[in-house]
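Worksheet: one structure, shown below.
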Amino acid sequence: MTNEQGLAAIRRIVDDWPRLSVEEWQAVCTDDVEYQNMPWAGVVTGGPEGLHQVLQQFVANYETRFEVGATGLDGTVRVSERV
């Protein structure tokens with residue numbers, strides 16, 4: 001995946017995560033993707049299916065949106081800072 005593709009994947013997730021199906025998560029994430037919901041340090045969810053399952057709980061219970069503070073790329077690692 002190129003850096004441009006990685007940034008596009010981050011943007012897609014940030015903009016569309018409440019509406020993404022499991023198949024769409026699989027299209028934008030690799031199987032080794034990890035998600036850590038701050039401030040719960042040490043609680044890490046893995047895989048596109050796991051992300052979908054955890055984040056759908058937020059969609060069901062809260063009105064949410066992300067504002068992106070920064071994104072970073074280092075090889076295969078993509079990071080986004082969000083509020």
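The values are calculated or read from the model by the stated rules, or taken from the named source; none is laboratory data. Predicted model only: the values in this text are computed from it and were never measured. Positions of Cβ are generated from backbone atoms using ideal geometry, with glycine treated the same way; all protein chains shown enter the neighbour counts. To get the accessible areas, we keep the full protein, side chains included, count just its heavy atoms, and leave off ligands, DNA and RNA. Shrake-Rupley method; radii C 1.70, N 1.55, O 1.52, S 1.80 Å.
Summary table
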| read-out | value |
| --- | --- |
| Sum of -39500 (n - 2.57) over DSSP H runs of 4+, divided by residues of the chain (222 nm, nearest 500) | -13500 deg cm²/dmol |
| Helix 47-61 axis, angle to the chain major axis (alpha carbon atoms, nearest 10°) | 40 |
| Simple label model, 7 Å out from Cα along Cβ direction - residue 45 to residue 58, nm | 0.8 |
| The chain: GluC sites (Glu not before Pro) in DSSP coil with no more than 14 other Cβ atoms inside 10 Å | 63, 67 |
| Gain upon complete extension [residue 80, residue 37; 0.36 nm per residue less C-alpha separation] | 14.3 nm |
| Assigned charges on the beta-carbon of Lys, Arg, Asp, Glu; the chain dipole about Cα centre (debye) | 200 |
| Accessible area in the full protein assembly, largest first, 1.4 Å probe, for 62, 35 | 62, 35 |
| Tail weight of P(r) past 22 Å, computed on alpha-carbon pairs of the chain, percent | 18 |
